[in-house]
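A short worksheet on the structure shown next.
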């Protein structure tokens with residue numbers, strides 16, 4: 001396995017939506033080939049933080065960011081930073097499975113096509129590899145041309161993961177990827193995440209503290225737009241240093 | 001006493017509501033009864049496939065003219081209308097310009113055909129010197145159907161879930177790529193439906209057409225010639241009163257055409273809304 | 001590589017501007033229509049004399065009289081009459097569709113309304129000419145070509161507009177309002193009259209304005225049943241000529257000042273329509289305002 005290093009360094013990140021501050025002075029480092037979980041009550045800024053990492057917040061007209069997010073030693077907010085390259089390098093899986101209303105094949109091939117892959121054979125290879133990586137190949141290999149809308153929710157979510165894998169990102173952001181799934185589908189996605197961290201860096205927002213404890217290496221606890229505590233997951237859950245973290249993980253608020 | 005009176009009032013109210021619904025149905029029934037009863041028996045193969053000088057006083061040339069003018073209108077109005085709708089639903093931010101654009105579209109939708117006809121006559125026929133011609137008619141009709149196309153295309157684009165666009169952007173696709181690969185294909189049936197709806201309007205339109213494309217009963221040789229569409233023909237033959245049978249037949253053709261067109265538009269819209277509601281869970 | 005990216009950027013910028021430009025075509029079209037209607041119509045109006053033109057009772061181009069008062073009155077009378085019919089039948093039908101109708105009735109009525117909306121004006125006109133005019137003549141005497149015939153045909157033609165939009169407005173009334181009223185022991189009819197209809201008021205008003213706009217601008221249907229005599233109607237059985245008829249009827253052979261007078265008639269009609277447009281948008285904006293407020297008020301916590 002590769003040696004872990006800090007793949008993303010975040011320094012003094014502030015995010016404003018109009019007059020309200022959504023993130024306050026966030027400074028943390030994300031390690032490569034690991035799973036970083038973001039937990040905290042609703043509206044604490046964890047999703048906003050996640051969306052800062054691939055600049056999806058750009059879609060909100062009133063959003064304003066200060067500070068820096070260094071990815072591979074370059075600030076993604078710098079003027080002229082190639083946002084297409086950023087989103088290729090940092091993939092995203094959303095809360096609700098959102099496959100396109102195309103075939104399974106075309107869903108996975110969408111990203112490579114965006115980035116200019118036209119060769120049919122090459123696309124076939126990418127689709128197969130991505131679906132295998134997402135542990136979906138065995139279930140869909142005989143119906144790649146069927147509509148993705150016919151898959152179950154859990155399958156759709158793994159398809160969305162395969163779709164991200166197909167552009168060969170380094171980092172995958174996941175915004176509560178299992179919140180719309182049943183327990184069995186959730187377990188499958190968790191197993192998948194565990195497999196994926198061998199090759200990818202994963203940052204995951206979750207409401208489910210057991211899930212954070214099960215799958216992550218490090219955990220950040222957000223409250224009111226600030227990171228209260230950022231530790232190895234086992235340390236954070238067993239020995240929280242901050243009273244507020246302890247209150248939260250023991251279910252005293254939120 | 002009072003209570004009894006209240007109940008009577010209630011009953012009367014329900015009677016009025018029921019009667020109104022019946023009258024609405026009744027009116028349609030009456031119109032359809034006449035059109036179908038008097039019109040359909042007079043529609044013959046010869047009527048549909050020959051020109052005026054045949055024994056049938058056929059409408060073949062008129063149907064062709066109608067198709068030409070539909071073609072001209074769509075070539076002009078569809079790109080402009082669809083682009084405008086894309087701007088409004090995908091790019092526009094709230095602001096003065098958008099408010100002015102929306103006001104203009106709503107106002108255009110409220111302008112009656114006779115004003116379009118008058119304007120087309122003044123502007124295209126006289127000022128630009130296009131004379132009474134299919135082209136003058138096409139230009140005029142393009143403005144007339146613009147609000148229809150813009151509004152219903154915008155509706156169609158709005159049904160495309162935001163999550164699709166997000167997913168595409170998150171995969172590194174540009175806004176434009178997302179528009180052409182995700183948004184437009186997803187909304188395609190809805191956009192088709194808006195085009196078909198505007199065809200329905202063109203087919204049924206008469207006031208704006210006869211003041212710009214003329215009323216001459218012949219097959220136009222080019223788009224600079226004048227000609228007569230089906231609805232204008234309907235008006236002319238009603239006004240001249242030369243044959244009740246043929247006029248009813250024309251009416252029937254007109255109504256059946258418009259009904260089929262509107263039905264097709266509705267089916268396409270339904271396909272669009274179904275597309276996004278299946279396979280969840 | 002860098003060059004390709006730059007090209008892409010330029011293309012995307014260009015396409016966005018193209019979309020904006022297309023949207024501006026609507027603005028441009030409205031402006032050009034307004035300007036040319038005015039520029040062609042106003043000179044004639046001034047030549048004839050604004051007072052003479054608007055309030056002159058006599059329209060006789062061969063004698064040099066160009067007064068359109070009779071047509072303004074006919075248009076207004078026809079529109080008001082049509083609105084009365086349209087509202088009288090349309091609003092109750094909308095209530096029926098929105099609240100009362102069983103599923104099977106909706107399944108018949110809704111396509112029926114749609115079909116009515118799709119029938120071209122000339123067909124309504126012909127129906128009026130061949131069925132309605134003889135009926136009026138036989139029942140009430142006279143020629144049958146009359147204000148009454150116009151009112152009935154226009155009333156039918158604006159029904160779909162009024163029904164569809166009123167139904168939408170009534171459906172948009174929050175369930176909680178209706179339940180609240182029924183829960184207080186009000187009857188269903190009282191609930192309609194005191195809660196549903198008042199809450200849907202601006203939507204229904206909008207539907208009526210749209211219907212009125214359609215009625216006052218309608219040409220081809222009325223031209224066939226009006227009789228087209230430019231006179232102030234003494235009764236609804238008299239023959240009349242509306243503003244729209246005047247434009248369509250004589251344009252083909254008019255020239256000189258006569259044609260300018262017809263253009264000027266267009267100005268009057270256009271002005272009426274634009275006033276209706278502004279009113280409609282004001283009503284709709286106010287409606288959007290109330291809805292926002294209502295949503296904010298209902299919001300939990």
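The values are calculated or read from the model by the stated rules, or taken from the named source; none is laboratory data. All values derive from a computational prediction rather than experimental measurement. Cβ placement follows ideal geometry from the backbone for every residue including glycine, while neighbour counts extend to all protein chains displayed.
Summary of values
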| item | result |
| --- | --- |
| Failed item, numbered, when residue A:136 is tested on (1) over 15 Å from residue A:96 (Cα atoms); (2) surrounded by 16 or more Cβ atoms within 10 Å (Cβ to Cβ); (3) touching a residue at least 40 places away in the same chain (Cβ under 8 Å) | (3) |
| Set C:67, C:41: member being under 26 Å from residue C:214 (Cβ atoms) and crowded, with 17+ Cβ neighbours inside 10 Å | C:41 |
| Output for segment A:108-118, where each listed residue is facing chain B (nearest Cβ under 9 Å) and within 13 Å of residue A:159 (Cβ to Cβ) | A:110, A:111 |
| Check on residue B:204, within 14 Å of chain C (Cβ to nearest Cβ) and on the phi > 0 side of the Ramachandran plot | no |
| Enumeration of residues in segment C:78-110 that are more than 11 Å from chain B (Cβ to nearest Cβ) and exposed (fewer than 15 other Cβ atoms within 10 Å of the Cβ) | C:80, C:84, C:102, C:103, C:104, C:107 |
| Segments classed as helices (runs of 4 or more DSSP H), wholly inside segment C:179-223, with at least 3 members that are touching a helix residue (DSSP H, G or I) at 6+ places or on another chain (Cβ under 9 Å) and at the interface with another protein chain (Cβ under 9 Å from one of its Cβ atoms) | C:188-191, C:201-217 |
| Single unsatisfied condition, residue C:116 versus (1) at the interface with chain B (Cβ under 7 Å from one of its Cβ atoms); (2) over 19 Å from the mean Cα position of the chain (by Cα) | (2) |
| Residue identified as out of contact with any strand residue (DSSP E or B) (no Cβ under 7 Å at 6 or more places or on another chain), buried (at least 24 other Cβ atoms within 10 Å of the Cβ), modelled with pLDDT of 90 or more and assigned to a helix (DSSP H, G or I) among B:152, B:136 | B:136 |
| Subset tally (residues that are more than 16 Å from residue C:100 (Cβ to Cβ) and touching a residue at least 60 places away in the same chain (Cβ under 8 Å)) for segment C:170-186 | 3 |
| Matching option when the condition is free of Cβ contacts under 8 Å to residues at least 24 places away in the same chain, in contact with a helix residue (DSSP H, G or I) (Cβ under 9 Å, 6 or more places away or on another chain), surrounded by 14 or more Cβ atoms within 10 Å (Cβ to Cβ) and on the phi < 0 side of the Ramachandran plot, among B:19, B:37, B:12 | B:19 |
| Residue among B:235, B:244 that alone is at the interface with another protein chain (Cβ under 8 Å from one of its Cβ atoms) and surrounded by fewer than 17 Cβ atoms within 10 Å (Cβ to Cβ) | B:244 |
| Among the candidates C:163, C:158, C:170, residue that is assigned to a helix (DSSP H, G or I) and within 10 Å of chain B (Cβ to nearest Cβ) | C:163 |
| Any hit, segment B:44-58, residues being away from every other protein chain (no Cβ under 14 Å), at negative phi and under 24 Å from the mean Cα position of the chain (by Cα) | yes |
| Among (1) in a loop (DSSP other than H, G, I, E, B); (2) under 17 Å from the mean Cα position of the chain (by Cα), the one test that residue B:131 misses | (2) |
| Set B:171, B:176, B:64: member being modelled with pLDDT under 95, at negative phi and touching a strand residue (DSSP E or B) at 6+ places or on another chain (Cβ under 8 Å) | B:171 |
| Condition check for residue A:63: touching a helix residue (DSSP H, G or I) at 6+ places or on another chain (Cβ under 6 Å) and either free of Cβ contacts under 8 Å to residues at least 24 places away in the same chain or surrounded by fewer than 22 Cβ atoms within 10 Å (Cβ to Cβ) (or both) | yes |
| Unique match (being more than 14 Å from chain B (Cβ to nearest Cβ) and part of a helix (DSSP H, G or I)) among C:72, C:37 | C:72 |
| Where residue A:142 falls short, out of the listed (1) surrounded by fewer than 22 Cβ atoms within 10 Å (Cβ to Cβ); (2) touching a helix residue (DSSP H, G or I) at 6+ places or on another chain (Cβ under 8 Å) | (2) |
| Failed item, numbered, when residue B:50 is tested on (1) modelled with pLDDT of 90 or more; (2) surrounded by 16 or more Cβ atoms within 10 Å (Cβ to Cβ) | (1) |
